[in-house]
């Protein structure tokens, strides 16, 4: 199966397409490819986003009207065909949703008045700050330093969009309402589990502590097992088994590095302080470093260790930077 067939008419009719996506995403055979295609459609045009917001909100209004005579008559007409539900193709559901949610290609809503937008809350942490928050569904989100997430009010799905940085999620169990974290072009779907997601300029990293998650990315869909760490970079993913505990030690204030290039070590530590480490030599930036550092004052400890081992020296110090060069 696939997402709606976007003919020219439907491309011009954001409301009709939104209704069809609404039906598709609630079909039994919905796929991660469908969800990705819908997100791309949603992002392609502000009109698409507005139409989707309205469709998402109309559920509540329809529920409030369930005793309206016209709505009862519509249900009565549809009920004789309920036995064939499993055999109907998803386009039939899409058509039914379009009839109920939109009238004509102008997307005139069945429910009068403009539907309110989906409620979202922006949550951010400052440099050097870690935040622990209990979400409205009972899940707990831990934001690492300099991180930002948009948390959507719970509905058929529980959604969080990680916009920057890293977050750990202890998901409240709810088999009916999946917990979905979006990061760039990737999504992580869980029911009840504990995992972290880190957004990077060229991809993301998912570390699964317990339970199971499904990660959908442009190149593949993967099911992770406890202990797995999935790193997606430049569209390609690799899985390290048994590495999740070390990868999530940041929540306890420590960072573990295993033969990581100094440039990447500096980038990790720089997230926790306003005074940045600058590796001024490409060869030095590639040198591997192994060790455990605290997130608090870890940058100063790294500089001291490199100087003591004769690996690097402080070439220049300013209020905002510490520049390192080879010894």
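Values in this text are rule-based calculations from the coordinates and carry no lab data. Values in this document were obtained by computation on a predicted structure and should not be read as measured data. Positions of Cβ are generated from backbone atoms using ideal geometry, with glycine treated the same way; all protein chains shown enter the neighbour counts.
The slack in the chain from residue 132 to residue 220, taken as 0.36 nm per residue of separation less the alpha-carbon distance, amounts to 28.5 nm. Diffusion of the range 126-247 by Stokes-Einstein, at 4 °C in a medium of 1.567 mPa s and with Rh set to the Kirkwood radius over alpha-carbon pairs, works out to 91 µm²/s. Each peptide in 271-278, 17-24 was scored by the mean count of other Cβ atoms within 10 Å over its residues; highest first, the order is 17-24, 271-278. Its convex hull of Cα atoms gives the range 253-326 a direction-averaged projected area, equal to a quarter of the hull surface, of 4.1 nm². Taking each residue as 0.36 nm, the span from residue 275 to residue 241 lengthens on full extension beyond its C-alpha to C-alpha distance by 8.8 nm.
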